[in-house]
Amino acid sequence: MSIVAMKARNGAGAKGTQEGGDVNDQNKGNKSKKVSDWWTKQFEEAQANLERYLNWSWVEPSVWTTRMLTALVKGVKGDKWFSLIDKVYARPNLMAAFAKVKANKGAAGVDHQTIEMYEEDLEENLQRLSESLKEGRYQPQAIKRVWIPKPGSSEKRGLGIPTVQDRIVQAALGHVIEPIFEREFAEHSYGFRPERGCKDALRRVDKLLHEGKTWIVDTDLKSYFDTIPHAQMVARVEEKIADGRVLKLISQFLKQEVLNEGEEFEPETGTPQGGVISPLLANIYLNPLDHLMEQTGFEMTRYADDLVIMCQSKAEAGQALELLKKWTAQAGLKLHPDKTRVVDAMEPGGFDFLGYHFEQGQKRPSRKSLKKLKDNIRSMTKRNNGQSLDRIINSLNQSLRGWFEYFKHSPYYIFRSADRWIRMRLRSILRRREGRCGRGRGSDHHLWPNAYFEARGLFSLASAHAKACQSSRR
């Protein structure tokens, strides 16, 4: 598609006002210039938007063709999208959705059908699925709920496992509706969005702290994914989508039964547990809050249900918190009572956000992040571990490299301390293999010095940090 700029009326050398013209002529000239500048700005913005959306590499190409993306940029009649269900059940879209589900792996649902089993008759399975969606016969199955411990807490988190087929349908539905809403999402929402992530959110928090916005509203939404009101959730979707069959499909997923320890129940609130579509619906529901904070001048950074509002004074932070409380109450949500507070980041105590702890101008891994790392290492370095040292070190390295990449902006002492603790765990294994009890200590440092583990290829967090610092100085 090409965009044609409006033709300027009087170009250079055109017949028009001569030098020394009267005031009215000058005013007309000024108005003409303003109109011309306005149209130029509109043209440039339209061109920039078109280039932006035509370059969305993450969209599903079988759905979002150039024509569809152009419609997304130009806008659709009534600002609502009709006739989308045919794009959901289209075979190429379902095939792409299956590829995404397969890449994400995951266990079987209540029907005990694994991804591998579904793939054995993939063409036939997708054909039946397409027909059932087309004819309106599709009905999601129950979600299998399992409970896993929450890191750093005595609480447990409910994890839902939909069937493979339901995950495929949700992925196909997401391919169709995500770009429609992604276009509307606020700039400073980072969770579960394409080409955005935790590091982007952390960079913004760091930037605002350096700008003096050190009074923090630190909170999160209590059981957010389980408490979203269904009627209000569907109403949010209806603001952009008018295809009744797509809306029905979303309602079906919201009301999907849950199988919990042998008992089935239909949830009255919340998004589908463990569902592919759940993060998108969660972002849709909180999008008005993102824009409200932006419009009122509050600097909120949100990653899913984890958010901070950064202010220049305690009074401003108090106002932001009151606005947040009012909005969440109207939206049928609750702030976590034990995790909601106003803090000064430059005073002792600080605040946690996305695994980091910010305090008095420094950032480092939070206590929960360090505990999670140590719990993971403990599971790999039990003293009765029968694997070879090389295999143990290889497993450790995979975890340590990923952990360092995320937390590499922390102070040096964090990594030095972690390295010492990890080597102690390995010395304890070697000590046990010599028939001695207890943890690695004392003379063990001479038997197996740091250089010994370095020679065996153990990834050193402290060395990696030193190299990263050297590279940044160049």
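The values are calculated or read from the model by the stated rules, or taken from the named source; none is laboratory data. Being a predicted model, the structure only gives us computed values, none of them experimental. Methodologically, a virtual Cβ is constructed for each residue, glycine included, from the backbone with ideal geometry; neighbour enumeration extends over all protein chains shown. These area figures cover heavy atoms from the full protein model, side chains too; ligands, DNA and RNA do not enter into them. Shrake-Rupley method; radii C 1.70, N 1.55, O 1.52, S 1.80 Å.
Candidates Ala320, Ala282: the one that is touching a strand residue (DSSP E or B) at 6+ places or on another chain (Cβ under 8 Å) and open to solvent by less than 10 Å² (accessible area, probe 1.4 Å) is Ala320. Residues of region 287-300 that are farther than 18 Å from Glu178 by Cβ, in a helix (DSSP H, G or I) and open to solvent by less than 40 Å² (accessible area, probe 1.4 Å): Leu289, Met293. Restricted to region 132-174, and to residues that are open to solvent by 30 Å² or more (accessible area, probe 1.4 Å) and assigned to a helix (DSSP H, G or I), which residue is nearest to Arg367 (Cα to Cα)? The selected residue is Gln165. Filtered by the rule that a residue be surrounded by 14 or more Cβ atoms within 10 Å (Cβ to Cβ) and in contact (Cβ under 8 Å) with a residue 40 or more places away in the chain, region 383-393 gives Arg383, Asn385, Leu389, Ile393.
The residues in region 261-287 that are more than 13 Å from Ile228 (Cβ to Cβ) and of a type outside the set (Asp, Glu) can be counted, and the count is 4.
The set of residues in region 328-369 that are free of Cβ contacts under 8 Å to residues at least 40 places away in the same chain, more than 20 Å from Gln312 (Cβ to Cβ), open to solvent by less than 70 Å² (accessible area, probe 1.4 Å) and in a loop (DSSP other than H, G, I, E, B) contains only Ser366.
I'd like to know if region 399-414 contains one or more residues that are more than 24 Å from Ala201 (Cβ to Cβ) and open to solvent by less than 30 Å² (accessible area, probe 1.4 Å). No, there is no match, as no residue in region 399-414 is more than 24 Å from Ala201 (Cβ to Cβ) and open to solvent by less than 30 Å² (accessible area, probe 1.4 Å).
Name the one entry in Asp226, Asp220, Asp206 that is in a helix (DSSP H, G or I) and modelled with pLDDT under 95. So the residue among Asp226, Asp220, Asp206 that is in a helix (DSSP H, G or I) and modelled with pLDDT under 95 is Asp226.
List the residue pairs whose Cβ atoms are under 8 Å apart, where the first residue sits in region 224-235 and is more than 11 Å from Ser278 (Cβ to Cβ), the second is in a loop (DSSP other than H, G, I, E, B) and open to solvent by 50 Å² or more (accessible area, probe 1.4 Å), and the two are 6 or more positions apart or on different chains. Hits for this filter: Thr227/Lys334; His230/Lys255; His230/Glu268. Among the numbered conditions (1) modelled with pLDDT under 95; (2) within 13 Å of Gly191 (Cβ to Cβ), the only one that Met300 does not meet is (1). Within region 77-131, being open to solvent by 20 Å² or more (accessible area, probe 1.4 Å) and aromatic (Phe, Trp, Tyr) holds for Trp81, Phe82, Tyr89. What do you reckon, is Tyr303 within 17 Å of Ala235 (Cβ to Cβ), surrounded by 20 or more Cβ atoms within 10 Å (Cβ to Cβ) and of a type outside the set (Val, Ile, Thr)? Here the answer is no, as Tyr303 does not meet what is asked. Checking Leu286, Leu292, Leu280 one by one, the residue that is over 30 Å from Ser313 (Cβ atoms) and among the aliphatic types (A, V, I, L, M) is Leu280 and no other. The single residue among Ile429, Ile377 that is open to solvent by less than 30 Å² (accessible area, probe 1.4 Å), farther than 28 Å from Lys150 by Cβ and either among the acidic types (Asp, Glu) or out of contact with any Cys (no Cβ under 9 Å at 6 or more places or on another chain) (or both) turns out to be Ile429.
Just for region 439-474: of the residues that are in a helix (DSSP H, G or I) and in contact with a helix residue (DSSP H, G or I) (Cβ under 6 Å, 6 or more places away or on another chain), which one is nearest to Thr381 (Cα to Cα)? Result: Phe453. Tell me whether region 238-255 contains one or more residues that are in contact (Cβ under 8 Å) with a residue 60 or more places away in the chain, in contact with a His (Cβ under 8 Å, 6 or more places away or on another chain) and either part of a loop (DSSP other than H, G, I, E, B) or open to solvent by 40 Å² or more (accessible area, probe 1.4 Å) (or both). Checking region 238-255: not a single residue is in contact (Cβ under 8 Å) with a residue 60 or more places away in the chain, in contact with a His (Cβ under 8 Å, 6 or more places away or on another chain) and either part of a loop (DSSP other than H, G, I, E, B) or open to solvent by 40 Å² or more (accessible area, probe 1.4 Å) (or both). Kindly establish whether Asp218 is farther than 24 Å from Arg167 by Cβ and surrounded by fewer than 19 Cβ atoms within 10 Å (Cβ to Cβ). No, not satisfied.
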